[in-house]
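Worksheet: the structure to be examined is printed underneath.
Derivation of every value follows stated rules applied to the coordinates shown; laboratory data play no part. Keep in mind the model is a prediction, meaning the values are calculated, not measured. Note: ideal-geometry Cβ built from the backbone for every residue, glycine included; neighbour counts use all protein chains shown.
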């Protein structure tokens, strides 16, 4: 890890510090340990909510990854989460196959459809891609409802097959989501230190330089969409298992925007702590405000704006403060 | 014979009504394009804000909030829309000059707030909001033309005509075009970017209100109606190249006709998927919008 750090350009050093995977190893370990012993202290409904929170964190990570490595914003990641959730749901209810097979399938499908979507949109950037993902998000619910023989239509599917038979289902729903979240975070941390990850970052920051070193922009786009799609599908799989039901209501256009809101709220962070903040925001706000539904979009909107404005003004304020302290 | 019959009785009316809705998509798309052309921001709050103002017209004219006449209600709602556009741009303007993608995400936040406010004030119920227009229908060459069709056509022609007049022949329009072409040079020449941006945002919000008021009579008014309508406007803007006003007009009409044909001949259940396919195909064949190809490229 350190031998790579010596080869980094100044910009990438800043990026690695921002992503925080390398520096906050200890805090992450402590956090994971706390989360592992958490079910001992908490009641059933909280365990359930935390499980969903972990699952949503994976989705937030998928969106943030696309922003960080691809420089693109997606408001259509429910497509991938739906893909993952329905692979788990359909394999479970139709064939009785548990997560052992359905999570790898979800990952495979997510990567495949990520590539499939990335190919026709390979030349789109910024807002064009954002609008295209918007159309993708809108197409999801109607696809689900029209394949109702497989997906159960509006009623959805119930996931009941345990991952490891014999252990209480409530605990399984918690630990499987936590395990998948930690696994994905570790994989993303690995990616950051790998040659491929560096190449992707270079393609984002300087496409011409990356081209000169043999990383084509189209390749970079395809691979980051594939990775992000795969992680999105794992999020869906975790959501299906932890939430125990899969229905079109979980994959609406608004859900896709909420994932983006979670990503913005966590400042596009890729570390476990950051994505947990994003995931917690996405999961807990609707739960806490379930009595007054109309406030949810208002609060999400305010949080989104607040974080963006904070990200804009905070460095300026900090600069002003430091200038003042220098003068004093 | 039956083929020609179906052509005459299905195809032409479908194209006609598609063109009418297409004009409305074009109104929405023109607003999006105006904002994008000068400030490089995609305004995702466009639909929700227009929806909120449509509800405002309903609330003010139905006696829910007040019982004004329809015209007065529209006037108040227009003022409201202008105020909202002013507010939104004022808040995000520091972001606009920094990152277009960040400010685009910020508009999503405003969209969420507008939707929440609509829910808070007017609830999630479906209401009917009609236009005070003469009801008649005449048959022209086997085509049924209603008063609604003619109203939409007239309003669209007048609005779009006025818009193009302003942009082509007034000082403000020239400033708008200059800033869209090269903001830096325009600023060097003494133009105030912000005031022109305000012009674009406010004009766009007015176009949005006009489009929303005209589309609502065909369905009903709910929290999501206008937002959904604006999605077709997004598609229209993308097909037109997102930076071309005539492109948005052509794109709107094209989307209206294509959607109509698709829902009638293929399936009404896959309309969003079809829209996605149209966007992807259009962006691959005409990456800079449909009108760029026709003109050829200048080297």
Partner shielding of A:303-309, taken as the mean number of other chain Cβ atoms within 10 Å, equals 6
Which one of B:114, B:185, B:29 has the biggest mean-square fluctuation once chain B is modelled by GNM with Cα springs under 10 Å?
B:185
Just to be sure I understand the model, the point goes 7 Å from the Cα along the line to the Cβ. What's the resulting residue A:167 to residue A:273 distance in nm?
2.7 nm
Taking the highest mean first, how do the peptides B:259-267, B:206-214, B:80-88 order by number of other beta carbon atoms within 10 angstrom per residue?
B:206-214, B:80-88, B:259-267
Hey, how many Å between the Cα centroid of the range B:112-138 and the Cα centroid of the range A:174-199?
47 Å
Taking R0 as 25 Å, what's the FRET efficiency between residue A:158 and residue A:284 from their Cβ-Cβ distance, rounded to 0.05?
0.55
Nearest 10, in degrees from 0 to 90: the angle of helix A:10-19 to the longest Cα principal axis of chain A is 30 degrees
Given a Förster radius of 41 Å and the C-beta distance between residue A:38 and residue A:326 as r, what FRET efficiency does 1/(1 + (r/R0)^6) yield to the nearest 0.05?
0.35
Shape of the protein assembly as shown from its Cα gyration tensor (a ≥ b ≥ c, root eigenvalues): rounded if a/c is under 1.5, otherwise prolate when a/b > b/c, or oblate?
prolate
Please check which bits of the range B:254-283 a label hung off residue B:6 would reach, taking the label as a point 7 Å along Cα-to-C-beta and the cut-off as backbone N under 16 Å.
B:261-268
Roughly how tilted is helix A:78-95, in degrees to the nearest 10 and between 0 and 90, from the longest Cα axis of chain A?
30 degrees
Hey, got the average number of other protein chain Cβ atoms within 10 angstrom for residues in B:276-285?
5
Starting from the Cα gyration tensor of chain B, take the square roots of the eigenvalues, sort them a ≥ b ≥ c, and report rounded, prolate or oblate (rounded when a/c is under 1.5, otherwise prolate if a/b is larger than b/c, else oblate).
oblate
Could you tell me the center-to-center distance, by alpha carbons, between the range B:176-196 and the range B:223-246 in angstrom?
25 Å
For A:77, B:197, order by how many other beta-carbon atoms lie within 10 Å, fewest first
B:197, A:77
Mind checking A:134-143 for the average number of partner chain beta-carbons within 10 Å of each residue's beta-carbon?
6
What is the order of B:74, A:298, B:140, fewest Cβ neighbours within 10 Å to most?
B:140, A:298, B:74
GNM, chain B, Cα, under 10 Å: largest mean-square fluctuation among B:251, B:116, B:31?
B:116
At R0 = 45 Å, FRET efficiency that the Cβ-Cβ distance of residue A:150 and residue B:137 yields, to 0.05
0.50
Cα centroid distance between the range A:260-328 and the range B:10-67, in Å?
31 Å
Angle between the Cα long axis of helix A:126-146 and the longest principal axis of chain A, 0 to 90 degrees, nearest 10?
0 degrees
Note on the range A:2-288: alpha-carbon gyration tensor, axes a ≥ b ≥ c; rule is a/c under 1.5 for rounded, else prolate if a/b larger than b/c, else oblate; result oblate
Counted neighbours (other Cβ, 10 Å), sorted fewest up, put A:296, B:179 in the order A:296, B:179
Pick from B:65, B:141, B:249: which residue has the top mean-square fluctuation in a GNM of chain B where Cα pairs under 10 Å get a spring?
B:141
